[in-house]
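A.B. asks: The structure follows.
A short reminder: the numbers here are calculations on the coordinates, not readings from a lab. Keep in mind the model is a prediction, meaning the values are calculated, not measured. When we count neighbours, we look across all protein chains shown, and the Cβ atoms used for this are built from the backbone with ideal geometry, even at glycine.
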Amino acid sequence: MIVTVTPNPSVDRSIGVRRVERGRVHHGRSTQIDPGGKGVNVARALTVNGAKAVATVPFGGAEGRLLIELLEECGVEVEAVPITGPIRANITITEPDGTTTKFNEPGPVLTAGERTGLLAGVAATLARSPAWLVGCGSLPGGISPDFHARLVELGHRHGVPVAIDTSGPALLHAARAGADLMKPNVHELSEIDGRQLRTLGDVVDAARRLLALGDRAVPPPSRGGDGAPGPARTVVVSLGRYGAVLVRAGRPPVHASAGLAAAARSTVGAGDALLAGYLCAVTGSVDGSGAAALETAVAWGTAAVTLPGSRMPAAEDIAGVQVRVDTDPDPSYPVSE
């Protein structure tokens, strides 16, 4: 079982249009509504591929009730934490060539009691000894940037490895807390590294600097007290159409990329599908290099791009994706235009 935490979930409506023109009325050619938020998407991707997942979310207002209904329809188990304010309702506009324009609401402001309740909900799921705790996405009002770091500390107290997919100061806090897995995209990594990352070598160097922030963190206890070591701390950087790269301290990087098996339709949720694929593959794996898990991750992420809205890929969507894995990648390989 994998537990996801989405502190700022949403209900996402995707509308397909012929072309976006600023200042004009647009008539939708298609529409779709999905439960949203990075951790929610990870849980959906895992569930549709037969893995057990629990989505921990705050919910409030009509949008919150709809979120729970949509997750239940997807077969995702929910740890729902009630709050007073309504959660976000986001709008995504997609064009036929896959160009995606998003409008995200800021989300609610959580009270001190609601913040405590959310962490209590996480603790309740950790009592079930999941394989991973996964903290994802932006933070609503009232929650400080160290929230994901607190998830790392909470997971480690329960002997559970923690994966984090966030950005900015929240990612830095999680790195310093010793997150076991971090999954920034190349733009988010560039932002916190303070420079543009143009090549694979640039990305690997920045990922190693991110890992180094957690060198002094207290390591998690052995799972279940059985003496088995936890996973090596890892950064997986998603590179858009250039695939993804896996970086671990003291080990060579691994790069994987794939060509699209079908036309791109929407990039929303592709990074979340990539993270879900990696977690699904690495759970219980003995692949010390992580290459097989990265191959799976890129296949899931690539398949997601061919689907409408934020629909998560199932086995039949993933099957046609061909992934190339390079365990000795060229550091001069370009990852930006």
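A.B. asks: Calculate the dipole size of the chain relative to its Cα centre from +1 charges on Lys and Arg beta carbons and -1 charges on Asp and Glu beta carbons; express the result in debye to the nearest 20. Each step should come with its number before you reach the end.
C.D. replies: Numbers: 31 positive and 33 negative charges, 72 e Å.
Once rounded to the nearest 20, the dipole reads 340 debye.
A.B. asks: Now a separate question. Tell me which DSSP H helices of the chain clear both cut-offs, 20 Å or more of axial length from alpha-carbon atoms and a mean Kyte-Doolittle hydropathy of at least -0.5.
C.D. replies: Span-like helices, by this rule, are 112-126, 291-305.
A.B. asks: Could you work out the local net charge near ASP12, counting Lys and Arg as +1, Asp and Glu as -1, over the other residues with Cβ closer than 13 Å to its Cβ?
C.D. replies: Working: positive: ARG13, LYS38, ARG44, ARG88, LYS102, ARG311; negative: ASP34, GLU63, GLU105, ASP272.
Overall, the nearby charge balance is +2.
A.B. asks: Under the definition of Cα pairs under 8 Å and six or more residues apart, what whole-number percent is the relative contact order of the chain?
C.D. replies: Normalised by residue count, the contact order of the chain is 17 percent.
A.B. asks: Then there's this: Have a look at ALA43, VAL152, TYR278 and report the one farthest towards the positive end of the charge dipole of the chain, computed about the Cα centre with Cβ charges (Lys/Arg +1, Asp/Glu -1).
C.D. replies: The one lying farthest along the dipole's positive direction is VAL152.
A.B. asks: By its C-alpha gyration tensor, with a ≥ b ≥ c as the square roots of the eigenvalues, how is the stretch 98-229 shaped: rounded for a/c under 1.5, else prolate for a/b larger than b/c, else oblate?
C.D. replies: Values: a/c = 2.05, a/b = 1.17, b/c = 1.76.
Note, shape of the stretch 98-229 comes out oblate.
A.B. asks: Right, next: List the residues, sorted by chain then number, that are 5 or more residues from ASN185 or on another chain and whose placed amide H is less than 5 Å from its amide H.
C.D. replies: SER238
A.B. asks: Ok, one more. Using DSSP, restrict attention to beta bridges with both residues in the chain and report what percent are antiparallel, rounded to the nearest 5.
C.D. replies: Values: 24 of 55 bridges.
Expressed as a percentage, antiparallel bridges in the chain total about 45.
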